[in-house]
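For reference, the structure is listed below as structure tokens.
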Amino acid sequence: MDNVVVFENKNKPSYLETGLFIGVILAFLGLSVFLALSSGKVSNVLVFQIAGFIYGLSALMYIFQFFFKNENIGKVGTLLAFAGWLTQTAGLFIRGLESYNMGIFHPPWTNLYESLMFFPWLAVGLYLYIEREYKTRTIGTFFMPIIAFLVIWGHKFNTDINPLVPALRSYWLYLHVLSSFVGYAGFTVAFGASFAYLLKEAQVKNKPVNTYHYAGFIFSLILTGIFGYLTLTGAKDIKTMIFGIIFIITLIALIYFAVYVLKPIANKLPSENLLSEIAFKAVAISFPVWTASIMLGGAWANEAWGSYWSWDPKETWALIVWLFFAAYIHGRTIGKWKGETSAWIVVAGFIMLLICYFGVNLYFPGLHSYATE
């Protein structure tokens with residue numbers, strides 16, 4: 001069994017520091033909301049677009065810090081990530097206020113566009129906590145580019161604020177959807193840590209890299225880009241679904257070959273134990289929340305449609321995601337699946353999460369089809 005290493009944050013923030021931190025957040029939010037209400041020109045969409053730009057700059061800073069080992073650049077990356085998070089927070093408040101002023105108030109996570117703004121907000125908040133707790137910015141190198149892409153790409157969808165469909169007009173909306181997105185955020189952080197672990201493992205074991213790996217990496221990278229674009233921009237038909245299946249296959253191949261080809265950068269990563277611990281803690285936090293979201297969804301479904309479980313595509317894939325991460329926790333706990341094996345289970349679980357979040361919403365009709373509007 002692997003030795004379990006627990007990392008503790010020795011520098012706990014003082015009450016004064018915490019108070020100042022909360023004060024800055026409240027002042028920023030208050031100013032943003034005041035500007036939005038008084039001018040009427042600060043729309044939530046503009047604020048989210050600014051947040052996406054800031055996240056893009058943050059991603060670049062994390063990448064530069066990773067390769068050049070410049071601590072000051074890393075601090076700028078963290079500061080930009082926090083600034084983007086604050087900007088997104090203001091955007092969520094403003095969108096809620098705009099829906100209230102329209103007489104159709106609802107929380108800002110009821111359709112695909114809103115979810116693509118809300119999910120990164122949760123994920124970045126969790127990531128910044130982990131970065132502060134473990135004193136490493138490595139995960140941000142892999143994590144922040146994903147966040148920047150989601151926030152920027154999300155604006156291709158309908159950004160209008162519309163009245164809720166009858167099925168969503170329930171207090172369950174706050175409980176079920178919020179817990180689901182906490183799970184999405186935590187599993188995404190776990191994926192970043194697990195991918196970094198696989199790179200470090202390849203370096204420590206000195207796995208050989210040959211022409212086959214380089215050719216596979218380039219080929220799968222090109223195909224992933226092509227079929228990813230076709231999947232995300234295509235019509236909702238069988239051809240696009242086939243493109244989506246090919247995209248998933250090429251994405252798995254890309255991750256596999258990247259573990260070998262990107263091995264030289266692994267010497268800049270922290271220890272395997274630290275990366276493994278971060279992944280496990282992220283899953284340990286997210287898994288019970290994801291479990292609660294499934295149970296809450298069942299209760300809501302029974303109230304709305306008279307059945308706790310209907311094998312709706314979203315329900316089915318949520319269960320598949322749950323099974324993957326349940327297997328991961330079980331394997332890690334009993335020591336049967338450890339190291340590289342457990343990291344690949346997290347990667348596979350994340351692929352299932354992508355299908356659950358994007359594939360089902362975009363291409364599988366069902367009881368959750370309203371989420372695409």
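The values are calculated or read from the model by the stated rules, or taken from the named source; none is laboratory data. All figures in this text were calculated on a predicted structure; none of them were measured in a lab. Positions of Cβ are generated from backbone atoms using ideal geometry, with glycine treated the same way; all protein chains shown enter the neighbour counts. Note: areas computed on protein heavy atoms with side chains; ligands, DNA, RNA excluded. Shrake-Rupley method; radii C 1.70, N 1.55, O 1.52, S 1.80 Å.
Of note:
- Among the residues of segment 231-241, the ones that are part of a helix (DSSP H, G or I), open to solvent by less than 60 Å² (accessible area, probe 1.4 Å) and free of Cβ contacts under 8 Å to residues at least 60 places away in the same chain come to 1 in all.
- In segment 277-296, the residue that is surrounded by the fewest Cβ atoms within 10 Å (Cβ to Cβ) out of those that are closer than 19 Å to residue 125 by Cβ and of a type outside the set (Gly, Ala, Ser) is 288.
- Any hit, segment 107-125, residues being surrounded by fewer than 19 Cβ atoms within 10 Å (Cβ to Cβ) and either at pLDDT 85 or above or more than 20 Å from the chain's Cα centre (by Cα) (or both): yes
- If the condition is being among the aromatic types (Phe, Trp, Tyr) and in contact (Cβ under 8 Å) with a residue 40 or more places away in the chain, then segment 95-130 contributes 109, 113, 118, 119, 127.
- Unique residue being of a type outside the set (Lys, Arg), at pLDDT 90 or above and in a helix (DSSP H, G or I) when the list is 216, 244: 216
- Which listed residue is touching a helix residue (DSSP H, G or I) at 6+ places or on another chain (Cβ under 8 Å), surrounded by 17 or more Cβ atoms within 10 Å (Cβ to Cβ) and either free of Cβ contacts under 8 Å to residues at least 60 places away in the same chain or more than 30 Å from residue 137 (Cβ to Cβ) (or both), from 223, 319, 251, 269: 223
- Subset tally (residues that are crowded, with 18+ Cβ neighbours inside 10 Å and under 17 Å from residue 189 (Cα atoms)) for segment 146-170: 4
- In segment 303-316, the residues that are in a helix (DSSP H, G or I) and over 14 Å from residue 175 (Cβ atoms): 305, 313, 314, 315, 316
- Looking across segment 171-208, the residues that are farther than 26 Å from residue 314 by Cα, touching a residue at least 12 places away in the same chain (Cβ under 8 Å) and open to solvent by 50 Å² or more (accessible area, probe 1.4 Å) come down to 203, 204.
- Residue within segment 66-78 that is aromatic (Phe, Trp, Tyr) and within 15 Å of residue 123 (Cβ to Cβ) present: no
- Among the residues of segment 131-143, just one is hydrophobic (A, V, I, L, M, F, W, C) and either without any contact (Cβ under 8 Å) to a residue 24 or more places away in the chain or surrounded by fewer than 23 Cβ atoms within 10 Å (Cβ to Cβ) (or both), namely 142.
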